[in-house]
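Here's the structure, in structure tokens; my notes come after.
The values are calculated or read from the model by the stated rules, or taken from the named source; none is laboratory data. From a predicted model like this one, the values you see are computed outputs, not experimental measurements. Note: ideal-geometry Cβ built from the backbone for every residue, glycine included; neighbour counts use all protein chains shown.
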Amino acid sequence: MGSDGALAMKMSRDSNGRVSLAQAKRQGAHVGEMQRRRLLLAVGEVLADGGVEAATVGSISRRAGVSRRTFYEVFEDREACFLAAFEQAIERIGEDIGPAYDRQDTWSAAIRAGLLALLEQFDEHPELARMCVVETLRAGPEVLRRRCRVIEALVAVVDKGRAVAESEPLPLTAEGVVGGALSVLHARLLENGGPLVELANPLTAMILHPYVGSLAARGELDRPPPHGLAAASEMLRDPFKDLSIRFTYRTARVMATIAAEPGASNRLIAESSGISDEGQMSRLLRRLDGAGLIENRGEGHVRGEPNAWQLTPRGQAIHTTLTGVEAVVG
């Protein structure tokens, strides 16, 4: 039976046994939205793993767990999927940057707060950073045009510094500053060179310098590290410190599965870890989540969509430590 037939068999019927058209439409829309969300999640993960070259329709569909036919029912082509994922990423980032920027009383403080919110978002979701900063440069024309509009908006924000500038900045100052900041992020992402939030002070200084002068820029460089950065670095150096969960062989197996299959569902993790009890699997995942070792990328999705687990930076550090020990022991 085809997918349309299976859907028809599941649709609710009225008191006379007839299918309710309104209910059929709602269920169809629900399934379609689930598939769209899964594809958008998948394209970000595939881009993070292998770049634009690896992000074929086939690889995106496999990662999302849908057929190629379903992909083309949702998106016209790969670029349309990439564009939708980029739009979603911009909206998601804006939800953090906008309030952080708007809460400040001065342009300098707003630039610093907005930049810090961006870097924290990128550190929390590295696949988002990779897609927005690196892979959009190698995408199709529609994605490139959208990227240009985003950069134009950033340039306009930076150019507001003219109102507080000590002297008249050159015409292309804002474009140069934004381009320079993006180049720094691009290089750091390609090198996998540590937390991006470490760049908050030097990038803020670089952006402010042409507008408020060297003394104010030096003040940004001399600021203490962003709140929580030192603690986060210490935690990653010793990821087992103050850990609230006891590690067992089964716990390590679960984390190894999630490391190998980012976005794995409860069922996939259970099958790979040899845990047949569904309740036991759910409890273990909740404990790992509560300890800050994994996070559920499926949270907030349409009801009925599978969970999508991935390791947090601390979880990844612990997994790396455990696999290193296993390699030595083996």
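Residue 154: over 12 Å from the mean Cα position of the chain (by Cα) and touching a residue at least 40 places away in the same chain (Cβ under 8 Å), yes or no?
no
May I ask you to verify whether residue 108 is within 22 Å of residue 142 (Cβ to Cβ) and either touching a Lys or Arg at 6+ places or on another chain (Cβ under 7 Å) or in the same structural domain as residue 188 (by TED's automatic domain parsing) (or both)?
For residue 108, the condition - within 22 Å of residue 142 (Cβ to Cβ) and either touching a Lys or Arg at 6+ places or on another chain (Cβ under 7 Å) or in the same structural domain as residue 188 (by TED's automatic domain parsing) (or both) - is not met.
Would you say residue 156 is among the small types (Gly, Ala, Ser), part of a helix (DSSP H, G or I) and in contact with a Pro (Cβ under 9 Å, 6 or more places away or on another chain)?
No: the conditions fail for residue 156.
Hey, does region 83-106 have a residue that's among the hydrophobic types (A, V, I, L, M, F, W, C), within 19 Å of residue 200 (Cβ to Cβ) and in contact (Cβ under 8 Å) with a residue 40 or more places away in the chain?
There is no residue in region 83-106 that is among the hydrophobic types (A, V, I, L, M, F, W, C), within 19 Å of residue 200 (Cβ to Cβ) and in contact (Cβ under 8 Å) with a residue 40 or more places away in the chain.
Taking the residues in region 278-299 that are of a type in the set (A, V, I, L, M, F, W, C) and more than 17 Å from the chain's Cα centre (by Cα) as candidates, determine which candidate is farthest from residue 267 (Cα to Cα).
Selected residue: 291.
Under the condition of being surrounded by fewer than 15 Cβ atoms within 10 Å (Cβ to Cβ) and assigned to a loop (DSSP other than H, G, I, E, B), which residue from region 170-213 is modelled with the lowest pLDDT?
By that ranking, first place goes to 193.
I'm told residue 3 meets every condition in (1) at pLDDT below 85; (2) surrounded by 14 or more Cβ atoms within 10 Å (Cβ to Cβ); (3) under 30 Å from residue 260 (Cβ atoms) except one. Can you identify the failing condition by its number?
Against the list (1) at pLDDT below 85; (2) surrounded by 14 or more Cβ atoms within 10 Å (Cβ to Cβ); (3) under 30 Å from residue 260 (Cβ atoms), residue 3 comes up short only on (2).
Is it fair to say residue 111 is at pLDDT 95 or above and either within 30 Å of residue 155 (Cα to Cα) or in a helix (DSSP H, G or I) (or both)?
Considered against the rule, which asks whether it is at pLDDT 95 or above and either within 30 Å of residue 155 (Cα to Cα) or in a helix (DSSP H, G or I) (or both), residue 111 comes out as yes.
Out of the residues in region 30-62 that are among the acidic types (Asp, Glu) and in contact with a helix residue (DSSP H, G or I) (Cβ under 9 Å, 6 or more places away or on another chain), which is surrounded by the fewest Cβ atoms within 10 Å (Cβ to Cβ)?
53
Please enumerate the residues belonging to region 40-93 that are over 19 Å from the mean Cα position of the chain (by Cα), farther than 17 Å from residue 264 by Cβ and not in a helix (DSSP H, G or I).
56, 67, 75, 76, 77
Let me confirm something: among 65, 140, 98, which residue is within 23 Å of residue 311 (Cα to Cα) and surrounded by fewer than 16 Cβ atoms within 10 Å (Cβ to Cβ)?
Exactly one of 65, 140, 98 is within 23 Å of residue 311 (Cα to Cα) and surrounded by fewer than 16 Cβ atoms within 10 Å (Cβ to Cβ), namely 65.
Would a scan of region 159-167 turn up a residue that is aliphatic (A, V, I, L, M), exposed (fewer than 12 other Cβ atoms within 10 Å of the Cβ) and modelled with pLDDT of 95 or more?
no
Out of curiosity, is residue 217 over 20 Å from residue 113 (Cα atoms) and of a type outside the set (Phe, Trp, Tyr)?
No.
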